[in-house]
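One structure is given below, encoded as structure tokens.
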Amino acid sequence: MSQTQRDFFYSIFDYAQTLLKEDETLLASFYSEASSFVRFNQGKIRQPGSVNQSELNLELIQGAKHLSADFTLSQNETGDKETIRQTLENLRESIASIPNDPHFLYATDVNSSENIETGALPSAQELTEQILTAGDGLDFVGILAHGSISFGFANSLGQRNWFKRDNFNFDWSVYSHADKAIKSGYSGFDWNPETLNAKFNHAREHLDILKLPAKTLEPGEYKVFLTPSALGEVLGLLGWFSFSQKAVQTKQSALLTLIEKQTALHTKVDISENNEGGVGPAFNTKGFIKKPSVPLIREGLYVGALTSARSAREYDLTTDGTNASEHPESLELGPGQLLESDILKELGTGLYISNLWYMNFSDRQSCRMTGMTRFATFWVEDGKISAPVNVMRFDESLYRMLGENLLALTQEREHILDAGTYHRRSTSSTNLPG
């Protein structure tokens with residue numbers, strides 16, 4: 001399928017090039033997915049389905065003027081070529097009436113590439129049967145997304161880029177009673193039934209604990225362990241405009257005091273955008289190749305930001321290939337020394353928090369965050385889980401969480417693929433310790 005989709009994209013772009021005038025440059029970005037989705041409810045299949053869709057973005061450039069248009073492809077070459085012809089005519093007609101864009105930048109060096117990675121994935125039906133077997137007897141709800149995602153880029157300067165990857169994402173929760181449940185996830189590129197069984201067995205072990213009388217904590221300060229999923233919510237909030245070059249230059253980043261060296265995180269904290277270890281393509285919609293890794297925080301100190309082509313032009317910098325939003329897409333926090341098997345012993349007495357939600361800034365300037373615990377939050381006494389904890393709100397600064405109050409990070413990390421499927425399947429991910 002990847003070969004067919006690739007050739008189809010290149011074919012219709014070759015046609016689009018024949019319609020260009022001498023003073024015009026054309027950029028094209030292609031997206032395609034062939035996905036299966038299965039929704040589960042009460043441990044049974046609720047709704048199976050599939051999506052096969054392709055989209056094209058065309059950006060017409062005349063000097064410092066540019067306009068773009070998105071549309072869905074029918075995969076009928078004759079019909080899609082006619083849509084392309086009409087789209088270019090409309091863009092050409094409109095571009096004359098817009099002003100020059102002083103901050104527009106696109107790649108003029110030709111850097112072509114091809115990356116096709118197929119995972120060891122059984123069919124969606126096989127995965128579904130294994131999920132039903134592993135979760136037999138449990139009341140669980142969730143969604144399985146499975147299949148291939150393709151991206152393409154082409155420009156009239158001769159550059160061609162193609163990327164295809166197979167992956168899966170099973171996001172689910174096992175229900176106990178009232179507001180008590182255990183959330184879990186399994187995602188990646190190579191499916192392993194043993195990993196799936198281990199995650200369901202982990203949920204079974206904690207269901208009995210959830211049935212114990214719940215503990216309500218008094219407001220105060222507590223020693224806490226955050227799982228990679230919970231920490232992911234913290235760094236996910238931070239990713240919205242905090243690592244952005246635009247935010248840094250306009251002093252809107254929540255990390256401003258770190259950037260201006262007024263404060264620091266713990267020396268154990270190393271954060272980077274690891275494009276090489278991510279899920280998405282190594283090129284962006286302007287034709288720039290992403291740097292394999294973009295260091296953001298090293299040994300607790302700010303060292304850099306994500307720089308899109310637009311920010312690079314505006315602030316006279318070099319782009320690192322980040323997309324226009326300048327949001328992290330493959331954020332990574334370096335590992336520590338704490339063994340996963342020693343977490344409860346090292347925690348001693350305190351909170352084991354599996355998930356967080358409703359995250360927001362309570363004081364953006366001091367990078368202070370508020371949110372709620374969700375699912376499987378446990379009270380740990382003398383290194384043993386003793387009771388579930390009722391839902392509670394927290395309010396804490398990142399500079400304390402990953403700064404002065406940080407005790408340890410786990411050696412083991414979890415590569416978490418974003419389960420988002422709105423409009424299209426997400427290709428964002430994080431690689432985090434607890």
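The values are calculated or read from the model by the stated rules, or taken from the named source; none is laboratory data. Fair warning: this is a prediction, and the values are worked out from it, not measured in the lab. Neighbour counts are summed over all protein chains in view; Cβ atoms, including those assigned to glycine, are modelled from backbone coordinates with ideal geometry. Only protein heavy atoms, including side chains, enter the accessible area calculation; ligands, DNA and RNA are left aside. Shrake-Rupley method; radii C 1.70, N 1.55, O 1.52, S 1.80 Å.
If you go through segment 150-162 and pick out every residue that is out of contact with any Lys or Arg (no Cβ under 6 Å at 6 or more places or on another chain), in a strand (DSSP E or B) and open to solvent by less than 10 Å² (accessible area, probe 1.4 Å), you end up with 4.
Filter segment 200-210 for residues that are over 13 Å from residue 377 (Cα atoms) and of a type outside the set (A, V, I, L, M, F, W, C); which is farthest from the chain's Cα centre (by Cα)? That would be 208. Being in contact with a His (Cβ under 7 Å, 6 or more places away or on another chain) and on the phi < 0 side of the Ramachandran plot is a property that does not hold for residue 145.
Scanning segment 284-305 for residues being under 28 Å from residue 25 (Cα atoms), among the aliphatic types (A, V, I, L, M) and crowded, with 22+ Cβ neighbours inside 10 Å gives a total of 0.
If I filter segment 17-24 for residues that are crowded, with 19+ Cβ neighbours inside 10 Å and not basic (Lys, Arg), do I get at least one hit? Scanning segment 17-24 turns up no residue that is crowded, with 19+ Cβ neighbours inside 10 Å and not basic (Lys, Arg).
Residues that are over 28 Å from residue 120 (Cβ atoms) and in contact with a helix residue (DSSP H, G or I) (Cβ under 9 Å, 6 or more places away or on another chain) are absent from segment 199-212. Taking the listed residues 84, 61, 12, the one that is in a strand (DSSP E or B), of a type in the set (A, V, I, L, M, F, W, C) and in contact (Cβ under 8 Å) with a residue 24 or more places away in the chain is 61, with no other qualifying.
With respect to being over 16 Å from residue 430 (Cα atoms), among the β-branched types (Val, Ile, Thr) and open to solvent by 70 Å² or more (accessible area, probe 1.4 Å), residue 318 fits the description.
May I ask you to say which residue of 33, 89 is among the acidic types (Asp, Glu), open to solvent by 50 Å² or more (accessible area, probe 1.4 Å), outside any loop (DSSP other than H, G, I, E, B) and modelled with pLDDT of 95 or more?
Only one candidate qualifies: 89.
Checked against the criterion of being open to solvent by less than 70 Å² (accessible area, probe 1.4 Å), free of Cβ contacts under 8 Å to residues at least 24 places away in the same chain and touching a Lys or Arg at 6+ places or on another chain (Cβ under 9 Å), segment 167-184 has at least one qualifying residue. Listed by first and then second residue, the pairs linking a residue in segment 197-216 that is within 17 Å of residue 355 (Cβ to Cβ) and in a helix (DSSP H, G or I) to a residue that is among the aliphatic types (A, V, I, L, M) and open to solvent by 40 Å² or more (accessible area, probe 1.4 Å), with Cβ atoms under 7 Å apart and 6 or more places separating them unless they lie on different chains, are 209/385. Reported count of residues in segment 249-304, each being at pLDDT below 95, in a loop (DSSP other than H, G, I, E, B) and not β-branched (Val, Ile, Thr), is 2. Of all residues in segment 336-374, those satisfying the criterion of being of a type in the set (S, T, N, Q), surrounded by 13 or more Cβ atoms within 10 Å (Cβ to Cβ) and closer than 20 Å to residue 408 by Cα are 349, 354, 355.
Selection of segment 115-148 for residues being outside any helix (DSSP H, G or I) and either of a type in the set (D, E, K, R) or within 30 Å of residue 24 (Cβ to Cβ) (or both) yields 115, 117, 136, 139.
In segment 179-196, of all residues being among the charged types (D, E, K, R) and either under 17 Å from residue 414 (Cβ atoms) or in a helix (DSSP H, G or I) (or both), the one that is modelled with the highest pLDDT corresponds to 194. Every condition in (1) under 16 Å from the mean Cα position of the chain (by Cα); (2) basic (Lys, Arg); (3) modelled with pLDDT of 95 or more is met by residue 425 except one, and the failing one is (3). For segment 191-201, which residues satisfy the criterion of being of a type outside the set (A, V, I, L, M, F, W, C) and within 19 Å of residue 168 (Cβ to Cβ)? Hits for segment 191-201 are 192, 193, 194, 195, 197, 199.
Screening the candidates 304, 220, 239 for the property of being in contact (Cβ under 8 Å) with a residue 24 or more places away in the chain and of a type in the set (Gly, Ala, Ser) yields one hit, 239.
Remark: pairs (first residue in segment 19-38, within 30 Å of residue 144 (Cα to Cα); second residue among the charged types (D, E, K, R) and not in a loop (DSSP other than H, G, I, E, B); Cβ separation under 6 Å; 6+ apart in sequence or on different chains) = 31/55.
Taken as a whole, the structure leaves residue 116 outside the set of residues that are of a type in the set (Val, Ile, Thr), within 31 Å of the chain's Cα centre (by Cα), open to solvent by less than 50 Å² (accessible area, probe 1.4 Å) and within 29 Å of residue 291 (Cβ to Cβ).
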